[in-house]
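Report on the following structure.
The values are calculated or read from the model by the stated rules, or taken from the named source; none is laboratory data. For clarity, every value in this text was computed on a predicted model and none was experimentally measured. Please note: Cβ atoms are built from the backbone with ideal geometry, for glycine as well, and neighbour counts cover all protein chains shown. Each accessible area value is taken on the protein alone, full model and side chains, heavy atoms only, with ligands, DNA and RNA left out. Shrake-Rupley method; radii C 1.70, N 1.55, O 1.52, S 1.80 Å.
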Amino acid sequence: MGVHICLLAEYKFDRCTNIGQRHQGLSAHAMSTVTHGNSISSIGNLKNDPDHLLVLVHGILASTGDWTYAEAELKKRLGKNYLIYVSSSNTYTKTFTGIDGAGKRLADEVLQVVKKTRSLKRISFLSHSLGGLFARYAIAVLYSPDTYSRDQPGDLENMTEYLQETNFSKGGSIAGLEPINFITLATPHLGVRGKKQLPFLLGVPILEKLAAPIAPFFVGKTGSQLFLTDGKPDKPPLLLRMASDCDDGKFLSALGAFRCRIIYANVSYDHMVGWRTSSIRRETELSKPPRQSLDGYKHVVDVEYCSPVPSDGPKFSSKAVQAKEAAQNSPNTQSTVEYHEIVEEEMIRGLQLLGWKKVDVSFHSAFWPFFAHNNIHVKNEWFHNAGVGVIAHVADSLKQQEASLLSASL
């Protein structure tokens, strides 16, 4: 008999506006306020105080420098009401300490920013690769089903106690702010275990079989979580728990609180994160992507809105327990594939309880297509500038959502 790992209430209707349409550029406003993770005390100014916090979260073995181009471009394109904050709490090898540990550090960091910037009212996240999973964990820590008063205790421990005492309801807040956009770029939402989820293994069964057992030796606790082998056999892996509301956190409720959830995925040439896991799709849902870019957004080839799919949520059945035990203790191609297929399907069932805007990116015509994983967020302006159209698309998506908020308030 399957063990339910989440209890889900009815979610509010998705409020992501202008879904599935090509974005038209909005006129740029004045420059936004920008700060790095090591400058919290300097946040804010007396005259044009920002009211929308945009948190940028980098991926594995990376640093704040990964966002140099995107930060500058967002500064140019977004209005003065944005505070763009580049997270610095999980740089380099700190990304090896586990998604949960990194998520808690990120949550604490965000709380400090909010505490020091009294003008903030709204919050959005833009994350690359593994940073998307850190952000998903952090928002569950920061989530409150009710409107959280800024006068509540500002430290993470006291806020966590406050959240645990509050019952579930629709909507909610993140760090006491209204959640607006949750955006990820090439994030392995379904992990990296299984056929072609980690493309540099070339889909070779023996390599995929060996990768999971040795991953923790190279990338620590994070590795076992990405390969879904963390924890005891009878306990769901962390990424499966993060597709639900469970004792570890209101992961799905936190995601559902955002007005808009957007995932950008490389359809090919990304040798770190496969198309299926970054776009939260089944293998049968992948079709041949368009070759032509959308007008004004080079290498952005498709935008699709996926409505919520009702279900009773993810489970971790006795069959899954047996498959996990086999994958941990005596890994072979058959056992690892069986285990991954079971867990991946349950993760998809959980995450599809929410609506998602899915943006497919193809660098097939780029000069360096094999840099797709770093192109998508323009890690380096000289080597990865093929992704400038993606950042432009992100910026216009943020502006459209901001415009809809302004029109709704009139």
Only one residue in Lys115, Lys80, Lys94 is open to solvent by 70 Å² or more (accessible area, probe 1.4 Å), in contact with a helix residue (DSSP H, G or I) (Cβ under 8 Å, 6 or more places away or on another chain) and at pLDDT 80 or above. Which one?
-> Lys94
Within the range 270-297, count every residue that is of a type in the set (Val, Ile, Thr) and more than 20 Å from Phe182 (Cβ to Cβ).
-> 1
Just to be sure, is Asn48 modelled with pLDDT under 95 and not hydroxyl-bearing (Ser, Thr, Tyr)?
-> yes
Take Phe367 and decide whether it is of a type in the set (Phe, Trp, Tyr), in a loop (DSSP other than H, G, I, E, B) and farther than 24 Å from Leu126 by Cα.
-> yes
Test for His377: is it modelled with pLDDT of 90 or more, open to solvent by less than 40 Å² (accessible area, probe 1.4 Å) and touching a Phe, Trp or Tyr at 6+ places or on another chain (Cβ under 8 Å) = yes
Do the conditions hold for Lys379, that is, is it in contact with a strand residue (DSSP E or B) (Cβ under 7 Å, 6 or more places away or on another chain) and among the charged types (D, E, K, R)?
-> no
Answer yes if at least one residue in the range 317-326 is touching a strand residue (DSSP E or B) at 6+ places or on another chain (Cβ under 9 Å) and among the charged types (D, E, K, R), and no otherwise.
-> yes
How about the range 260-274: which of its residues are modelled with pLDDT of 95 or more and either in a helix (DSSP H, G or I) or under 15 Å from the mean Cα position of the chain (by Cα) (or both)?
-> Cys260, Arg261, Ile262, Ile263, Tyr264, Ala265, Asn266
Filtering the range 385-410 for residues that are open to solvent by less than 20 Å² (accessible area, probe 1.4 Å) and either part of a loop (DSSP other than H, G, I, E, B) or polar (S, T, N, Q) (or both) leaves a count of 2
Being over 30 Å from Gln292 (Cα atoms) and among the polar types (S, T, N, Q) is the filter; apply it to the range 302-331 and report the residue that is surrounded by the most Cβ atoms within 10 Å (Cβ to Cβ).
-> Gln328
Candidates Lys324, Lys319 - the one that is among the basic types (Lys, Arg), free of Cβ contacts under 8 Å to residues at least 40 places away in the same chain and part of a helix (DSSP H, G or I) = Lys319
Subset of the range 240-270 [farther than 17 Å from Ala138 by Cβ, acidic (Asp, Glu) and surrounded by fewer than 24 Cβ atoms within 10 Å (Cβ to Cβ)] = Asp247
